[in-house]
Number of protein chains: 2
Amino acid sequence: MAQSLSREARSEGGQRGDVAIDTAVRAAASDGKAPRTARGERTLRKILRAALQEFGDRGYSDASIVGITSRAKVALGTFYTYFDSKEEVFQALVRDMSDQVRAHVAPALKDARDGLDAERLALAAFLRFAAEHKEVYRIIDEAEFVDPAGFRAHYENTAGRIAARLAKAAQGGEIRLDGSALAAEVTAWAIMGANVFLGLRFAVWGNGDPDEVAAAANRLLSEGLAAR
Amino acid sequence: MAQSLSREARSEGGQRGDVAIDTAVRAAASDGKAPRTARGERTLRKILRAALQEFGDRGYSDASIVGITSRAKVALGTFYTYFDSKEEVFQALVRDMSDQVRAHVAPALKDARDGLDAERLALAAFLRFAAEHKEVYRIIDEAEFVDPAGFRAHYENTAGRIAARLAKAAQGGEIRLDGSALAAEVTAWAIMGANVFLGLRFAVWGNGDPDEVAAAANRLLSEGLAAR
DNA sequence: TTGAAACATGAACCGGGTTTCAACTTTACA
DNA sequence: TGTAAAGTTGAAACCCGGTTCATGTTTCAA
């Protein structure tokens with residue numbers, strides 16, 4: 001049921017450059033305010049898309065429900081058919097954006113020649129995504145204050161995925177490994193933090209070529225800084 | 001003149017664990033709303049201290065002027081003797097916190113045996129500071145949305161300082177160096193991002209021992225991940 | 001075709017927070 | 001000691017945006 005609705009609605013949305021919003025649709029759906037009609041799902045998607053834009057370019061506190069509904073071209077009250085509050089849409093969006101990032105990075109890993117190369121490709125994919133979707137970057141960052149739980153979940157999941165990749169590479173003997181659990185977690189968080197800030201500097205603000213930036217960062221990661 | 005006022009006022013403030021707020025005092029002072037009296041400076045300091053607490057534990061949008069003035073134990077209207085708006089105090093605070101971080105990290109560098117060791121000590125000092133002053137961490141982070149210019153300035157300055165340290169170490173032949181300007185900037189931002197996220201994970205959220213975390217991160221930085 | 005459920009509408013309500021201001025108190029300095 | 005400048009006060013004006021709700025429209029299944 002939900003399946004067929006999704007397929008129907010997706011075929012009319014999805015302009016170039018837009019990110020999908022399926023996770024948010026499902027999140028809202030599991031919320032007791034699920035649309036039960038194709039029209040309903042279409043409206044929900046319009047609102048979610050509009051909310052992404054509104055939050056993306058005005059920030060949480062300057063964003064307004066009127067702003068969202070007028071972008072979506074629906075009446076003010078319609079918003080409350082699908083969400084209980086401003087905060088709730090934002091949370092739905094955060095979960096979705098978290099998923100978006102993962103979904104855009106994952107396929108890039110397929111081409112990796114080895115574990116370190118996977119990290120390079122992951123970073124390059126992330127940089128490309130961040131450059132093209134600054135709104136997404138911004139929403140996740142602002143979640144630190146508006147939806148701390150969602151924010152934390154996003155980064156813990158991301159760090160967990162990095163740690164898992166490193167563990168696999170360590171098992172294959174490709175990267176050095178000192179058994180300490182702390183060292184493993186520190187490494188994962190350090191890589192993640194570096195990636196996020198490189199995204200801020202070179203994708204969101206400046207324009208560095210994603211591949212060059214990723215290559216430079218990868219050399220640092222594999223060889224370190226100490227002279228031979 | 002301002003000198004003697006500062007000395008006077010400082011002697012009555014400064015409870016244990018508090019961060020200083022001198023830069024913010026000066027910033028406000030250069031703003032046309034400078035206090036011209038010892039009493040005035042005392043009040044300004046009370047407001048700034050209160051604002052730091054209020055923003056620190058409620059976040060920018062939940063923080064209120066009433067909250068600030070009642071913490072400071074001054075009347076609501078007094079606030080507007082020193083600041084034109086809520087945003088303006090926040091900006092003053094951001095500049096100040098940026099300075100605080102620098103001021104707490106700088107002295108730790110004196111004991112460094114070499115360039116890489118300096119980075120280790122810098123991180124350890126930062127972690128200690130972040131653990132003890134989560135409000136400061138939070139305010140700088142939230143500046144991304146409330147005071148983008150201040151936020152950007154903070155990180156560009158920080159990255160610049162890291163880059164300068166690395167350049168010096170490279171000149172001494174201690175760390176490898178490929179001449180590329182991009183690589184140098186990528187390295188500085190990567191280190192900074194790693195530090196910030198390690199601060200979030202181990203100082204603000206969890207509790208990792210600053211020295212152990214810094215040691216683990218430093219090994220990653222100097223040796224990299226590639227197996228021998 | 002029809003009626004019940006789902007959805008859409010936007011004016012009005014409402015609370016909370018920022019900012020103003022005129023009266024009052026304290027400080028500085030001659 | 002006197003007075004102008006600096007600082008303090010808090011009630012009230014003012015603004016703005018989130019949320020509600022009664023009414024009207026569309027959808028869907030029988």
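A quick yes/no check of all residues on (1) of a type in the set (A, V, I, L, M, F, W, C); (2) over 30 Å from residue B:33 (Cα atoms); (3) in contact (Cβ under 8 Å) with a residue 24 or more places away in the chain:
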residue	(1), (2), (3)
B:83	yes, no, yes
B:90	yes, no, yes
B:93	yes, no, yes
B:102	no, no, yes
B:112	yes, yes, no
B:122	yes, yes, yes
B:129	yes, yes, yes
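Considering the range A:58-68 alone, what residues qualify as being under 24 Å from the mean Cα position of the chain (by Cα) and within 11 Å of DNA strand C (Cβ to nearest atom)? Steps first, please.
First, the residues of the range A:58-68 that are under 24 Å from the mean Cα position of the chain (by Cα): A:58-65, A:67-68.
Matches in the range A:58-68: A:61, A:65.
Please work out if residue B:71 is within 14 Å of DNA strand C (Cβ to nearest atom), modelled with pLDDT of 70 or more and out of contact with any helix residue (DSSP H, G or I) (no Cβ under 8 Å at 6 or more places or on another chain).
Values: within 14 Å of DNA strand C (Cβ to nearest atom): yes; modelled with pLDDT of 70 or more: yes; out of contact with any helix residue (DSSP H, G or I) (no Cβ under 8 Å at 6 or more places or on another chain): no.
No; evaluated as a whole, the condition is false for this residue.
Here is a list: B:51, B:38. Which entry is on the phi < 0 side of the Ramachandran plot, among the hydrophobic types (A, V, I, L, M, F, W, C) and within 10 Å of DNA strand D (Cβ to nearest atom)? Can you show your working first?
Numbers: B:51 fails: within 10 Å of DNA strand D (Cβ to nearest atom).
From the options B:51, B:38, the qualifying one is B:38.
Please verify whether residue A:2 is farther than 16 Å from residue A:84 by Cα, within 16 Å of DNA strand D (Cβ to nearest atom), at pLDDT below 80 and crowded, with 20+ Cβ neighbours inside 10 Å, treating the condition exactly as stated.
No.
Among the residues of the range B:56-84, which ones are within 13 Å of DNA strand D (Cβ to nearest atom) and among the small types (Gly, Ala, Ser)?
B:61, B:64, B:70, B:72, B:75, B:77
Under the condition of being in contact with a Phe, Trp or Tyr (Cβ under 7 Å, 6 or more places away or on another chain) and hydroxyl-bearing (Ser, Thr, Tyr), which residue from the range A:58-98 is nearest to residue B:59 (Cα to Cα)?
Ranking the qualifying residues of the range A:58-98, first place goes to A:60.
Among the residues of the range B:191-201, are any in contact (Cβ under 8 Å) with a residue 24 or more places away in the chain and aromatic (Phe, Trp, Tyr)?
No: zero hits.
Could you say whether any residue in the range B:145-160 is hydrophobic (A, V, I, L, M, F, W, C) and farther than 27 Å from residue B:57 by Cα?
Let us first name the residues in the range B:145-160 that are hydrophobic (A, V, I, L, M, F, W, C), namely B:145-146, B:149, B:151, B:153, B:159.
With the extra rule that they be farther than 27 Å from residue B:57 by Cα, the set shrinks to B:159.
Scanning the range B:145-160 turns up at least one residue that is hydrophobic (A, V, I, L, M, F, W, C) and farther than 27 Å from residue B:57 by Cα.
Being under 13 Å from residue A:21 (Cβ atoms) and more than 11 Å from DNA strand D (Cβ to nearest atom) is the filter here; which residues of the range A:85-97 pass it?
A:92, A:93, A:94, A:95, A:96, A:97
Would you mind listing the helices (runs of 4 or more DSSP H) fully within the range B:120-228 where at least 1 residues are among the acidic types (Asp, Glu) and more than 12 Å from chain A (Cβ to nearest Cβ)?
Details: elements: B:134-146, B:148-171, B:181-198, B:210-223.
Correct list: B:134-146.
Just one of A:85, A:98 is surrounded by 22 or more Cβ atoms within 10 Å (Cβ to Cβ) and either closer than 26 Å to residue B:141 by Cβ or within 16 Å of DNA strand C (Cβ to nearest atom) (or both); which is it? Talk me through it step by step, then tell me what you get.
Values: A:85 fails: surrounded by 22 or more Cβ atoms within 10 Å (Cβ to Cβ).
After applying the criteria, what remains is A:98.
The values are calculated or read from the model by the stated rules, or taken from the named source; none is laboratory data. Keep in mind the model is a prediction, meaning the values are calculated, not measured. No Cβ is skipped: glycine too gets one built from the backbone with ideal geometry, and neighbour counts run over all protein chains shown.
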